[in-house]
Amino acid sequence: MIACVFAACSNEDDPIPSVDPTPTPEAGTADLTIVVKNLTKSTQTKAGEDENAKEGEAKIYNLFVALYNEDGTFLQVSDLTANEDEEVTDSNNEIQFKGLKAGASYRALAFANVPKDALTATANSFELTSAYYVFSGEGANGLPMSSGISPKFTLAEGENYYGYSNTTGGHSIESGKPLGLIRNVARVELNALDLDMTKVKVDGSQKYKSGTIKFVPKDVFVLHGRTKAKVADQSQSNTEWFNLPDKVWGNIATTYETADGDDYYSGTNSSNSFGRFAGTVDAANYIKALSTAETTYTQNWDGTAITGSKAITLANSLYFYVLPNDQTKAAREQEDPEEEGQAFVLDKTTLASELVISGEVYIKAIMNDNTSWTFGEESTPVLRYWPIKIGIDGLDSEDTYYGQVHRNVVYNISATIAGNGYADPTLPKGDPTADLFVKTMVMNWGTATQAPVIE
């Protein structure tokens, strides 16, 4: 679990053995060198690489620090690198400012893999583009990262060093407490999928006594992933932001970018047929084939005894990167107008981000009241969808990460299909047979594990 020690981690790797003798700076001016720690590499514990990290997820391609005055007014950014500790490591970066006003108070904020021109006096959001999350090659840009806001600090005339563990010269600020970078995105990953019609209960009794289910895996995609996120823990008000210096935004959902109309990406290529769809289709980055081969999985059950297929063989790398989202209601959960004849209007500002499984399904079952139920034709299974709300379905409500999509968290999802799903994952379902059992586990990076059972 991500803890607040990010703002106070040891910085033994950043001693300044001495300060080079240089001419006395102009009276009234100050230079500032800030240490930025790449906390995505777990170097703060000296435990080596994060076992949950994938290749490229901790890589820094560009780094800069934004400087604000004490009341929150944006001043400038710097990507001028320094090497005061004479060490070479991509987890230990030093950024320098020259010619600042001595005696003045400032706050600092570090960014990586975010375009420097995105930071102005008013802009504090990161927006996805068609070239996001590229890990290799000429256009590599990595995952967007940023730090928490620093406490207010005052510069002395001459050399100032922020976050170093010790100094033998110059003025030390926040000793041993560098600005720590964490990722601005979450990773949502489908780790396991199986069939089990015996899991559904009605009043404590097994809903489907016996029968057959056939399933042909198709795709997994993101539905209503956000396109914008705050680059740091800034609220709409700079005053509020700077009056709360102890907020550590990396481990809890505190402030989010408000959705404005169609600020969503979805991987499905079926938006034209979805009734409550918002945003843009991104079929390149947000949809993947569930399996490497089109196979029909057949399962029979009688009571609790299961024969035939249960686990679905999944393709590799069924994961996506999504931006934070504090909304908890899916489009299909929005209520219809109370007045008869009034048209439904989708509230596009309150859509939860979802992971959706699609496949073709046929079911023939004997219910617990001995009636029979058949869905689809055995020779031609029907295309259906099983949606999972990221950070909600299959996650204990007491979990720290429950209720929102958090930054710097991995959501590991294992799901059990136990019904016929939805014809449209954005619309309410007319019949009550769409069970999907989900288990979500949050791991560090942080990680959340979801395990839904979905009908």
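Assessment of the stretch 396-415 against the conditions (at pLDDT 95 or above, under 24 Å from ASP302 (Cβ atoms) and in contact with a strand residue (DSSP E or B) (Cβ under 9 Å, 6 or more places away or on another chain)) yields at least one matching residue.
Note on the stretch 358-371: residues that are among the polar types (S, T, N, Q) and under 18 Å from LYS199 (Cα atoms) total 2.
Of all residues in the stretch 174-200, those satisfying the criterion of being assigned to a strand (DSSP E or B) and modelled with pLDDT of 90 or more are ARG187, VAL188, GLU189, LEU190, ASN191, ALA192, LEU193, ASP194, LEU195.
Just to be sure, is SER10 loosely packed, with under 14 Cβ neighbours inside 10 Å and modelled with pLDDT under 70? Judged against the criteria, SER10 is not a match.
Residue-wise test of (1) modelled with pLDDT of 85 or more; (2) buried (at least 19 other Cβ atoms within 10 Å of the Cβ); (3) in contact with a Leu (Cβ under 8 Å, 6 or more places away or on another chain).
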{"residue": "GLU51", "(1), (2), (3)": "no, no, no"}
{"residue": "LYS54", "(1), (2), (3)": "no, no, no"}
{"residue": "VAL65", "(1), (2), (3)": "yes, yes, yes"}
{"residue": "ASP79", "(1), (2), (3)": "yes, no, yes"}
{"residue": "PRO115", "(1), (2), (3)": "no, no, no"}
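For (1) within 30 Å of VAL202 (Cβ to Cβ); (2) touching a residue at least 12 places away in the same chain (Cβ under 8 Å); (3) assigned to a strand (DSSP E or B); (4) among the hydroxyl-bearing types (Ser, Thr, Tyr), each residue gets a yes or a no:
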{"residue": "GLU338", "(1), (2), (3), (4)": "yes, no, no, no"}
{"residue": "GLN342", "(1), (2), (3), (4)": "no, no, no, no"}
{"residue": "THR349", "(1), (2), (3), (4)": "no, yes, no, yes"}
{"residue": "VAL356", "(1), (2), (3), (4)": "yes, yes, yes, no"}
{"residue": "GLY359", "(1), (2), (3), (4)": "yes, yes, yes, no"}
{"residue": "ILE363", "(1), (2), (3), (4)": "yes, yes, yes, no"}
{"residue": "ILE366", "(1), (2), (3), (4)": "yes, yes, yes, no"}
{"residue": "ASN370", "(1), (2), (3), (4)": "yes, yes, no, no"}
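Across the stretch 311-334, which residue is modelled with the lowest pLDDT among those that are in a strand (DSSP E or B) and of a type outside the set (Gly, Ala, Ser)? In this case the residue turns out to be ASN325. Cβ-Cβ distances below 7 Å connect the following pairs, each with a first residue in the stretch 206-230 that is on the phi > 0 side of the Ramachandran plot and surrounded by fewer than 20 Cβ atoms within 10 Å (Cβ to Cβ), a second residue that is part of a strand (DSSP E or B) and of a type in the set (A, V, I, L, M), and a separation of six or more residues or different chains: GLY211/ILE363; GLY211/ALA365; GLY211/ILE366.
In the stretch 372-408, of all residues being of a type in the set (D, E, K, R) and assigned to a strand (DSSP E or B), the one that is surrounded by the most Cβ atoms within 10 Å (Cβ to Cβ) corresponds to LYS389.
Pairs linking a residue in the stretch 307-334 that is in contact (Cβ under 8 Å) with a residue 12 or more places away in the chain to a residue that is part of a strand (DSSP E or B) and aromatic (Phe, Trp, Tyr), with Cβ atoms under 7 Å and 6 or more positions apart or on different chains, are SER309/TYR297; ILE312/TYR297.
Residue count for the stretch 201-214, restricted to those that are part of a strand (DSSP E or B) and over 23 Å from GLY376 (Cβ atoms): 2.
The values are calculated or read from the model by the stated rules, or taken from the named source; none is laboratory data. The structure presented is a predicted model; accordingly, all values stated were derived computationally and were not measured. Neighbour counts run over all protein chains shown; Cβ positions are idealised from the backbone, glycine included.
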